[in-house]
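Some notes on the structure that comes next.
The values are calculated or read from the model by the stated rules, or taken from the named source; none is laboratory data. Worth saying up front: this structure is predicted, and the values here are computed from it rather than measured. Cβ atoms come from the backbone with ideal geometry, glycine included; neighbour counts cover every protein chain shown. Protein only, heavy atoms only, side chains kept; ligands, DNA and RNA dropped before computing areas. Shrake-Rupley method; radii C 1.70, N 1.55, O 1.52, S 1.80 Å.
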Amino acid sequence: MPRRYEASVLEAIRRKQYETEYKGVPVLVKPVPEDVPEGSVDPRLYRSMRMLPLLLPFMPKAKKNATVAQRVEMPRKMFAQYKGDYVVTEGVDTRNITVASADGWPVPVRVYRRSGSGQDLPMLVYYHGGGFFGGGVDIVEQMCKVLVSQLDCVVLNVDYRLCPEAHYPQPLDDCWAATRWAFEHAAELGAAKKPLAVSGDSAGGNLAAAVTLRDRQEGTGMVGMQALIYPAVNISGRHTEFYQGTDPALYHVSRRHRRSVEAMYKMMGMLAGQDSGNLLEDIYLQGHLDPEHIYASPLLDDFHALPPTLLAFGEHDFLAFEDFAYARHAAKAGVLLRTIVYRGLGHGFADQIGVMPQAEDLMGEIAAMMREVL
């Protein structure tokens, strides 16, 4: 299926991008490709959310005494729906393998390579988003294939166990096992025997950051780069030097789009269980890890000896406050950092390949940084 935008739209994003510095962090700003007022929602995103203020009151709400499994039932169905197009349908080969996790669980992994590609390629391991309870490898497969089409590399797509049926440390162990297997079998995969990149979106970004920290803690030397896409980096919610909570009033939103953006925040709050406790903690940790542990809340790390990091999020993302705080802590610690902010976007745009041009642009940014640092 062809992209729903012309090549000129992608070119406009790159032509209009500019670098600035905000609170001590160099930021690459990617404006909405069309000429729109400051604070506007991208027109493609707005088409899908303009009716949200009218529909929100009719969305089903979890019952007061609902179990965690009941609370995630509705959003799990939403997160299982692929909202992008299939723009890469040939030229990329897929291999299905399984890797044993710490408890012996067979973790399904998809491996992507260009057809007829060579050896000694850079490698990236990807962990999908979905709040630890939803999403899946199908949702991010086009992201992985676009990356392979833009950079001759090997990409692994990890189908880690979902919660609340699983809980910490199982999803992290699954991701760690797949990453370690990839590193140890680089030659078999056609990859170079050198540090690889890890990446993920939202909850997958949390897992990518945790794998990076575990690699540092255990001294395995596997991770040479992390690409974090609107990651959840503070499950604990604890305040830090640069994170003092989320204040939607501080988002820069145009008057025309404010009602829709506020409805989007409210919907994400409902999905995150703001009225019934910390849903991510209830779903993922389930009492098996202190939410202030750095594997749960990477924002609380001291950021020493982290590899080169790409951090990308939308200006209207409900995680933007903690993500920018992560950037400030990383910059203060001297991490080689590339922070990208996409104007006019909220959470969850990156897997909408072929629909949101910013998704394809972001894969190009990850490919460029992989060329540079791996």
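What the table shows:
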| item | result |
| --- | --- |
| In region 156-176, residue farthest from Thr67 (Cα to Cα) [restricted to those that are of a type outside the set (D, E, K, R), outside any loop (DSSP other than H, G, I, E, B) and open to solvent by less than 30 Å² (accessible area, probe 1.4 Å)] | Leu156 |
| Every residue from region 223-232 that is more than 18 Å from Cys144 (Cα to Cα) and buried (at least 24 other Cβ atoms within 10 Å of the Cβ) | Ala232 |
| Selection count where residues are part of a helix (DSSP H, G or I) and open to solvent by 40 Å² or more (accessible area, probe 1.4 Å), scope region 177-205 | 5 |
| Among residues of region 81-97, those that are open to solvent by 60 Å² or more (accessible area, probe 1.4 Å), of a type outside the set (Asp, Glu) and over 22 Å from Asp201 (Cα atoms), counted | 2 |
| In region 345-374, residue farthest from the chain's Cα centre (by Cα) [restricted to those that are part of a loop (DSSP other than H, G, I, E, B) and closer than 20 Å to Ala232 by Cα] | Leu345 |
| Residue match in region 71-80 (condition: assigned to a loop (DSSP other than H, G, I, E, B), surrounded by 13 or more Cβ atoms within 10 Å (Cβ to Cβ) and at pLDDT below 90) | no |
| Qualifying residue in region 108-129 (condition: of a type in the set (Phe, Trp, Tyr) and over 21 Å from Phe349 (Cα atoms)) | yes |
| Filter result for Ala296 (at pLDDT 95 or above and in a helix (DSSP H, G or I)) | no |
| Residue among Asp323, Asp302, Asp290 that alone is within 16 Å of Gly200 (Cα to Cα) and either in contact with a Pro (Cβ under 8 Å, 6 or more places away or on another chain) or assigned to a loop (DSSP other than H, G, I, E, B) (or both) | Asp323 |
| Inter-residue pairs, beta-carbon under 7 Å, first within 30 Å of Arg15 (Cβ to Cβ) and open to solvent by less than 40 Å² (accessible area, probe 1.4 Å) and in region 35-64, second in a helix (DSSP H, G or I) and at pLDDT 70 or above, 6+ apart | Val41/Ser260; Val41/Val261; Met49/Ser260; Met49/Met264 |
| Subset of region 7-28 (residues that are in a loop (DSSP other than H, G, I, E, B) and surrounded by fewer than 11 Cβ atoms within 10 Å (Cβ to Cβ)) | Gly24 |
| Residue that is surrounded by the fewest Cβ atoms within 10 Å (Cβ to Cβ) [pool: residues in region 109-143 that are in contact (Cβ under 8 Å) with a residue 24 or more places away in the chain and at positive phi] | Asp120 |
| Filtered residues of region 336-366 (kept if out of contact with any Phe, Trp or Tyr (no Cβ under 8 Å at 6 or more places or on another chain), open to solvent by 10 Å² or more (accessible area, probe 1.4 Å) and under 17 Å from Gly205 (Cα atoms)) | Leu337, Arg338, Gln352, Glu365 |
| Verdict on Val198 being modelled with pLDDT of 95 or more, under 17 Å from the mean Cα position of the chain (by Cα) and more than 21 Å from Ile353 (Cα to Cα) | no |
| One residue from Ala333, Ala327 being under 16 Å from the mean Cα position of the chain (by Cα), among the aliphatic types (A, V, I, L, M) and closer than 18 Å to Gln226 by Cα | Ala327 |
| Where a residue in region 308-332 is of a type in the set (Lys, Arg) and its partner, wherever it lies, is in a strand (DSSP E or B), with Cβ under 8 Å and at least six apart | Arg328/Val25 |
| Output for region 206-222, where each listed residue is among the charged types (D, E, K, R) and either without any contact (Cβ under 8 Å) to a residue 60 or more places away in the chain or open to solvent by less than 10 Å² (accessible area, probe 1.4 Å) (or both) | Asp215, Glu218 |
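This table checks each residue for (1) within 23 Å of the chain's Cα centre (by Cα); (2) modelled with pLDDT of 90 or more.
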| residue | (1), (2) |
| --- | --- |
| Pro2 | no, no |
| Glu6 | no, yes |
| Glu11 | no, yes |
| Tyr22 | yes, yes |
| Val25 | yes, yes |
| Pro33 | yes, yes |
| Val36 | no, yes |
| Lys63 | no, no |
